[in-house]
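The values are calculated or read from the model by the stated rules, or taken from the named source; none is laboratory data. Please read all numbers here as calculations on a predicted model, not as lab measurements. Ideal geometry is used to build each Cβ from the backbone, glycine not excepted, and the neighbour counts take in all protein chains shown. Just so you know, the surface numbers come from the protein's heavy atoms only, side chains and all, with ligands and any DNA or RNA stripped out. Shrake-Rupley method; radii C 1.70, N 1.55, O 1.52, S 1.80 Å.
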Amino acid sequence: MGYAWFRGLLLAVLVGSFTVMIRGLDNGLAPRPPMGWMSWERYRCITDCKKYPDECISEQLFKRVADLMVSEGYLDAGYEYVNIDDCWMEKERDENGVLQPDRERFPNGIKHLADYIHERGLKFGIYQDIGTKTCAGYPGMVGFFELDAQTFADWGVDFIKIDGCYADLELMVDDYIKFGEYMNKTGRPILYSCSWPAYQEYNGIIPDYEQLKETCNMWRNWGDIEDSHQSVEEITKYFSDNQKRIIPHSGPGHWNDPDTLVLGNYGLSYAQSKSQLAVWTLLAAPFLISNDLSRVTPEIKELLLNKAIIAANQDSLGRQGRLVKTVNKIEIWKRPILPKIGSELTQVVAFVSRRADGAPYAIKVNLREDVGLSNSTVVKGYKVYDLFETQANPAFVRVKDHFETRVDPTGANLYRFVPIVSTGFIRLSTNVDGEE
């Protein structure tokens, strides 16, 4: 959940300067984009367990998700977090100020649920808000930063998302930093997901990304995703429009977050599901699914568990990709990944269609001029793997050649270009010095 419920209440005020010494979170977490499952987009704030017993935010829901993560192969594929979003609390803290889960929906308490999730080899995430209330009106953190940090550590929390509804924009950044320091003091490593950039960006304030990198493992840059291709496109446009200033700040331990994967819900066609997955792979985005895992179709499950795509997303180099060119409403995205062969990095390239004219569209591009694949004299060509298809038989294309692909309306194609160099031998290297 994010700014969406509260956007109209925020004031466009400038953030004051800060003179306090900032100590980074320094928790050693998220060397690769986090992977897991999160409740908000699919289940929102459904709390009526009598009417909607299989959908309400409850202990039962998260236990079922944990079991499905294991039995359906998501854990083995790398999805490790099971994250509660908003609406898990009682409306009031207890007499000692401690947060309480809803007694009817979480009858055994949060520690019990965390233990259940941990016993299955998964990690447990939870939600709070830096303001006076959460976006749905439950108790916020103001006045309780230290107590809440210790409570979450005592419960066994591994991931915490801190939202920004009902918060003072002028104090927000300092408060996020303060809470991160309190989490550090608990001694428990907790992945820290922040939301202050989304609130600042919507109010015309450019976030201080150096502070973000020192404070948070990941952060929401823009609005809440919804179950539609239009929403995916809007978020993608924010990332392409602002790529020059946000890409340098994303990498191991600190990631830009375009919000959850909504594949497997109601709003995306199969082609559009491929499109979101392709773009999120190029963005080095966290892979946090928000759907009903028990209802995911086999073809969508195959996308979510695609080993080649997950490997590209999880590449240890951790560089975020960029939009390099648009040709006839086909966006060309490129991202460098390992292995490095000689002096050349492998590249992941996505062709993302913004066309809806009824037939797949064939696009022919010059690898060097249109895609920006190597100007190096040692690169003679590429082995090309279609990441949505089998990896057994790569195509070969020379640098001087054109590359042609045919993209479904509102869909995407995704390829891995492995350089072939003319050094007399090909040496695989994990040395990533130098630029793409």
_Environment charge of D115, counting only residues whose C-beta is closer than 13 Å and scoring Lys/Arg +1, Asp/Glu -1_ = 0
*Where a ≥ b ≥ c are the square roots of the eigenvalues of the C-alpha gyration tensor, would you call segment 15-154 rounded, which needs a/c under 1.5, or, failing that, prolate if a/b is larger than b/c, or oblate?*
oblate
*Which residue, V82, V157, V399, has the most motion in a Gaussian network model of the chain that connects Cα atoms within less than 10 Å?*
V399
*Return the ratio Rg/(2.2 N^0.38 Å) for segment 202-255, where Rg is computed over Cα atoms only.*
1.20
_Cα coordinate range in segment 236-352, projected on the principal axes (Å, largest first)_ = 44, 30, 25
_On a full-extension model of 0.36 nm per residue, what is the gain between R406 and K307, subtracting their alpha-carbon distance, rounded to one decimal in nm?_
33.3 nm
*Which value, in Å², gives the accessible area per residue of segment 277-436 when a 1.4 Å probe is used on the protein heavy atoms?*
44
*Roughly how tilted is helix 145-155, in degrees to the nearest 10 and between 0 and 90, from the longest Cα axis of the chain?*
80
*Can you tell me the relative contact order of the chain? Whole percent, Cα pairs under 8 Å, sequence separation 6 or more.*
14
*Could you let me know the centre-to-centre spacing of segment 247-278 and segment 71-126, using Cα atoms, in angstrom?*
24
*asked:* Using a Förster radius of 25 Å, what is the FRET efficiency between E95 and Q150 based on their Cβ-Cβ separation? Nearest 0.05, please.
replied: 0.90
*Rounded to the nearest 500, what is the 222 nm mean residue ellipticity of the chain from helices alone, with -39500 (n - 2.57) per DSSP H run of 4+ residues and division by all residues?*
-7500 deg cm²/dmol
*asked:* With a 1.4 Å probe and all protein chains left in place, how much accessible area per residue does segment 36-182 have, in Å²?
replied: 37
_5 angstrom amide H check on L387, placed H, neighbours 5+ away_ = L414, Y415, R416
*What order do you get for 351-360, 140-149 when each peptide is scored by the mean count of other beta carbon atoms within 10 Å, highest first?*
140-149, 351-360
*Around V324, which amide H atoms from residues at least 5 apart in sequence, or from another chain, sit under 5 Å from its own amide H, with H modelled in the peptide plane?*
I332, W333, K334
*Considering only K50, K91, K329, give the residue with the highest GNM mean-square fluctuation for the chain, with springs between Cα atoms whenever their separation is below 10 Å.*
K50
_Cβ-derived FRET efficiency at R0 51 Å, K383 paired with N108, nearest 0.05_ = 0.45
*Check cross-link reach from K301 to the aspartates and glutamates: straight Cα distance under 13 Å, and skip same-chain residues fewer than eight apart.*
E72, D292
*Can you run phi through the Karplus equation (6.51, -1.76, 1.60; θ = phi - 60°) for segment 157-168 and list ³J(HN,Hα) in whole Hz, with x for Gly and Pro?*
6, 10, 8, 9, 9, 10, 7, x, 5, 6, 10, 7
*Counting Lys and Arg as +1 and Asp and Glu as -1, what is the net charge of the other residues whose Cβ lies under 9 Å from the Cβ of F403?*
-2
*May I ask you to give the percent of accessible area on the chain that is carbon plus sulfur, with a probe radius of 1.4 Å?*
48
*Most fluctuating residue of D175, D85, D48 in a GNM of the chain with Cα springs under 10 Å: which is it?*
D48
*Residue-span extension gain [E214 to K51] - 0.36 nm each, minus C-alpha spacing*: 54.3 nm
*How large is ³J(HN,Hα) for each residue in segment 311-323, as worked out from phi by the Karplus curve 6.51 cos²θ - 1.76 cosθ + 1.60 (θ = phi - 60°), to whole Hz, x for Gly and Pro?*
4, 5, 4, 8, 3, 5, 4, x, 7, 7, x, 9, 6
*Loop-located GluC sites (Glu not before Pro) in segment 59-141 whose Cβ has at most 15 other Cβ within 10 Å (DSSP)*: E92, E95, E104
_For segment 190-259, size of Cβ-based charge dipole, Lys and Arg +1, Asp and Glu -1, in debye_ = 300
*Could the peptides 335-343, 410-418 be put in order, highest first, of the mean number of other beta-carbon atoms found within 10 Å of their residues?*
410-418, 335-343
